[in-house]
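S.K.: I am attaching a structure below and will ask some questions about it afterwards.
The values are calculated or read from the model by the stated rules, or taken from the named source; none is laboratory data. In this text the structure is predicted, and so the values were computed from the model without any measurement. As a convention, Cβ positions derive from the backbone with ideal geometry for all residues, glycine included, and neighbour counts pool all protein chains shown. All accessible areas refer to the heavy atoms of the entire protein, side chains included, with ligands and DNA or RNA removed. Shrake-Rupley method; radii C 1.70, N 1.55, O 1.52, S 1.80 Å.
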Amino acid sequence: MMNRRYPEPSATETDTDIAIVGGGLSGTLTACLLGRAGYRVTLIDRHRVFPQEFRVEKIGRGEIEKLEQLQLLAPLFKVAAPFDDIVNLHRGRILDRTHGQHYGFFYNRLVGAMRAALPETVNFVVGQVTGLRTSAKQQRISILGKDELTARLLVLATGMGDMLHRDLGISHKSIGERRPLAFGFNIRPLQSNRFRHTALRYHGDGDGIDRLDLFPVADATRANLFLFRDPRDSWVRSLHDDPKQALIAAFPSLVDHFGDFEIASRIDSWLTEITLAENCRQDGVVLIGDAYLTSCPATGLGVSRILTDVERLCRTYVPQWMTETAIDHTRIAAYYDDPEKADMDIGSVQMADRHFNLTAKTDVGWRLRRQFHFTRRRILYGIESISPALAAKLHQLKTIRTRSTLRSAVLDSKPAA
């Protein structure tokens, strides 16, 4: 790796206005928006065609609305399967139903569709970045086997990989005790051409299993399983040895409610450590998405966080920074301190804590909370069947109370630099 700092250059001209390292979802969306805004953008990624990776595989109404606001829905439609009803189960009984627009997809196909939508103002470079040198006026990016690239602003969208972060002296600290474990695989029906429901979510019962999600993707039915267990746990091993029997044992009446099935693909896994970047408020460089704060996959907030980061960066801060002769760390800090971003970041961490506690804590207090949580949902579902209007008001009050709690948390605390 190269030395992370260098003297201020005398030249102000650069090869590109903005260099984005990392061509996953966050980097590609950023390139789309900035390219449409007329900036000279260079997107750098090691892969010409994004490889198959197990990452986020479905989104709901909130993310769909944000994509629509950013005029990025069209690429999603090309690769995703829509569904608008999810049956929720707990202890072998229907808990309630979730109504609202959702889409299921394979992550690499979504990234590919977003890359296909990149405007002509975006230069896509296939290559491995081997070194970074940054300052308030110019960023230098070394790419293996290619000429060095210069830019006014450097955006790191490198996810959880931290080799380049270390080049800049950026470290990551672990937040809390949770280490969520996620699995993804395809299933197909037996004895029938279709399952009984389009989508199903089966909640665990305080045994370290958060939930099992079953939903449609293009040409398949996908299963996402979220745990807070050690990867060496005996049940996790049984999932690899005999996945169908492990699922049937963990989720009573699963076959009765959804239909008999078989595993139709390899089982992908993803172990996440929730980490926050430190020493990232530096001249000329900004981190987005998981490069700054990793998301707990069980919360389902990963895409919302990405979209918030991308929208705030591209529509508020980049236009300000590009009018300046230098982009120093004080200007970069304004992005990390943005109230909307801070609200989303802190809410994501708090939601991860809640999922962990409801899923894995076994003390009396959390057992009672877990029981109250599911009992309340069953009561609301019963009210909805009798009076949909009253149920809608109760759901609205719950949403307002949750948002108020998150705003209070933002006032009391901010993620560290």
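S.K.: I'd like the full set of residues that are open to solvent by less than 30 Å² (accessible area, probe 1.4 Å) and not in a strand (DSSP E or B), limited to the range 163-217.
M.R.: Leu164, His165, Asp167, Leu168, Ile170, Arg178, Pro180, Phe195, Ala199, Gly204, Gly206, Gly208
S.K.: Tell me, please, whether a residue that is open to solvent by 60 Å² or more (accessible area, probe 1.4 Å), within 30 Å of Ile263 (Cβ to Cβ) and among the basic types (Lys, Arg) can be found in the range 141-150. Break it down stepwise before answering.
M.R.: First, the residues of the range 141-150 that are open to solvent by 60 Å² or more (accessible area, probe 1.4 Å): 144-148.
From the residues that got through so far, the ones that are within 30 Å of Ile263 (Cβ to Cβ) too are none.
No; the residues of the range 141-150 include none that is open to solvent by 60 Å² or more (accessible area, probe 1.4 Å), within 30 Å of Ile263 (Cβ to Cβ) and among the basic types (Lys, Arg).
S.K.: So, Glu53, is that one of a type outside the set (Gly, Ala, Ser) and in contact with a helix residue (DSSP H, G or I) (Cβ under 7 Å, 6 or more places away or on another chain) or not? Give the derivation first.
M.R.: On the way: of a type outside the set (Gly, Ala, Ser): yes; in contact with a helix residue (DSSP H, G or I) (Cβ under 7 Å, 6 or more places away or on another chain): yes.
Yes; evaluated as a whole, the condition is true for this residue.
S.K.: Specify the residue that is surrounded by the fewest Cβ atoms within 10 Å (Cβ to Cβ); the eligible residues are those in the range 118-138 that are within 12 Å of Leu164 (Cβ to Cβ) and not β-branched (Val, Ile, Thr). Talk me through it step by step, then tell me what you get.
M.R.: Start the filter on the range 118-138 by keeping residues that are within 12 Å of Leu164 (Cβ to Cβ), which leaves 128-134.
Subsequent filtering for residues that are not β-branched (Val, Ile, Thr) retains 128, 131-133.
On the way: Gln128: 12, Gly131: 16, Leu132: 23, Arg133: 22.
Once the filter is applied, the top-ranked residue is Gln128.
S.K.: Hey, any hits in the range 22-37 for a residue that's aliphatic (A, V, I, L, M), within 26 Å of the chain's Cα centre (by Cα), modelled with pLDDT of 95 or more and assigned to a strand (DSSP E or B)? Don't jump to the end; show me each part of the working.
M.R.: Just the residues of the range 22-37 that are aliphatic (A, V, I, L, M), to begin with: 25, 29, 31, 33-34, 37.
Right, trim to within 26 Å of the chain's Cα centre (by Cα) and you get 25, 29, 31, 33-34, 37.
Pick out the ones that are also modelled with pLDDT of 95 or more and you get 25, 29, 31, 33-34, 37.
Restricting the remaining residues to those that are assigned to a strand (DSSP E or B) gives none.
No, every residue in the range 22-37 fails to be aliphatic (A, V, I, L, M), within 26 Å of the chain's Cα centre (by Cα), modelled with pLDDT of 95 or more and assigned to a strand (DSSP E or B).
S.K.: Report yes if Thr359 is surrounded by fewer than 16 Cβ atoms within 10 Å (Cβ to Cβ) and more than 13 Å from the chain's Cα centre (by Cα), otherwise no. Let's see the steps before the verdict.
M.R.: Details: surrounded by fewer than 16 Cβ atoms within 10 Å (Cβ to Cβ): no; more than 13 Å from the chain's Cα centre (by Cα): yes.
Criteria not met by Thr359.
S.K.: May I ask you to list the residues in the range 329-365 that are among the charged types (D, E, K, R) and within 22 Å of Gly22 (Cα to Cα)?
M.R.: Lys341, Asp345
S.K.: With (1) under 27 Å from Pro75 (Cβ atoms); (2) open to solvent by 20 Å² or more (accessible area, probe 1.4 Å); (3) not hydrophobic (A, V, I, L, M, F, W, C); (4) not in a loop (DSSP other than H, G, I, E, B) as the list, and Thr158 as the residue in question, which single condition is left unmet?
M.R.: (4)
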